[in-house]
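The values are calculated or read from the model by the stated rules, or taken from the named source; none is laboratory data. Since we're looking at a predicted model, the values are computed, not measured. Methodologically, a virtual Cβ is constructed for each residue, glycine included, from the backbone with ideal geometry; neighbour enumeration extends over all protein chains shown. The accessibility values were calculated without ligands, DNA or RNA, using every heavy atom of the protein model including side chains. Shrake-Rupley method; radii C 1.70, N 1.55, O 1.52, S 1.80 Å.
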Amino acid sequence: MTNPTPTEAEASEAPAEQEVEHKARPGHKDKGTIVTTAFGEKMSGGLADIADGDS
């Protein structure tokens, strides 16, 4: 029987394809990236720029 909980070494390895999520910020061009809203929802950076007046 295998251990269902990951070992410390397995838990510390981050997936190579993991995206770093950035919060949308006024005064900062976010176009071309995926950002998170104030509520933690993912949003296109281009839409975030329009929403916060950066375009």
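The table below gives the values:
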item	result
Neighbours by Cβ (under 9 Å, 6+ apart or cross-chain): first from the stretch 22-39, among the polar types (S, T, N, Q); second part of a loop (DSSP other than H, G, I, E, B) and open to solvent by less than 80 Å² (accessible area, probe 1.4 Å)	36/24; 37/24
Enumeration of residues in the stretch 1-50 that are at pLDDT 70 or above, among the hydrophobic types (A, V, I, L, M, F, W, C) and open to solvent by less than 80 Å² (accessible area, probe 1.4 Å)	24, 34, 35, 43, 48
